[in-house]
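**Q** Quick one: the structure is below, questions incoming.
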Amino acid sequence: VEAPKSPQSVGWYTFLMAEEPPKQDRAPRAHSGIIRIDETDEFVREGFTGHVYLKNDEGAGFGALEVRVLDSHPEKVVPVESRAYIVIEGSGEFTIDGVKQVVNKGDMVLLRKGTTYSYKGYGRGSMKLFEVNIPLATEE
């Protein structure tokens, strides 16, 4: 998979350096069930790779993805109501509103809309995260 290059937005997740959105080989998930890794959309970005399990627009009310940290995630502001990361492997460091904090396997990082954050693993490929995004409520 080739490294992405230009800004692109797809559903709930902004792909900062994607030339094109991830390939959509599957229908939206409209029912309960198991989502297997081979059914996910893989992505590659500078500093991290992963798999998109669920997009916000698929009717579950949240988005979910797995992130393998290869280097670091650039500083970003949370654009959704809430974003949570669970460290499922390894350890690293999150900088949240300018404060650096060490995270280890089993820790959860909760970020609210407007929070500035970045993260890095301790060594290439040393941290794996599970990310959940809760979108802003839409007015009807």
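**Q** Quick one, what does Rg over Rh come out to for region 91-140 if you take C-alpha atoms and the Kirkwood Rh? Could the numbers behind the result be given before it?
**A** Working: Rg = 13.1 Å, Rh = 12.4 Å.
Expressed as Rg/Rh, it is 1.06.
**Q** Hey, another quick one. What spacing in nm lies between the two simple spin-label points modelled at Arg112 and Leu136, each 7 Å away from Cα in the Cβ direction?
**A** Calculated label separation equals 1.6 nm.
**Q** If you roll a 1.4 angstrom probe over the protein chains with everything in place, what fraction of the accessible area of region 37-140 belongs to carbon and sulfur, to the nearest %?
**A** For region 37-140, the apolar C and S fraction of the accessible surface comes to 50 percent.
**Q** Highest mean first, what order results for 66-74, 94-102 on Cβ atoms within 10 Å?
**A** 66-74, 94-102
**Q** How big is the shadow of the Cα convex hull of region 47-124, averaged over all directions, in nm²?
**A** Convex hull of Cα atoms, orientation-averaged projection: 5.0 nm².
The values are calculated or read from the model by the stated rules, or taken from the named source; none is laboratory data. Everything quoted here is computed from the prediction, not taken from an experiment. For neighbour counting, all protein chains shown are included, and Cβ atoms are generated from backbone atoms with ideal geometry for every residue, glycine included. All accessible areas refer to the heavy atoms of the entire protein, side chains included, with ligands and DNA or RNA removed. Shrake-Rupley method; radii C 1.70, N 1.55, O 1.52, S 1.80 Å.
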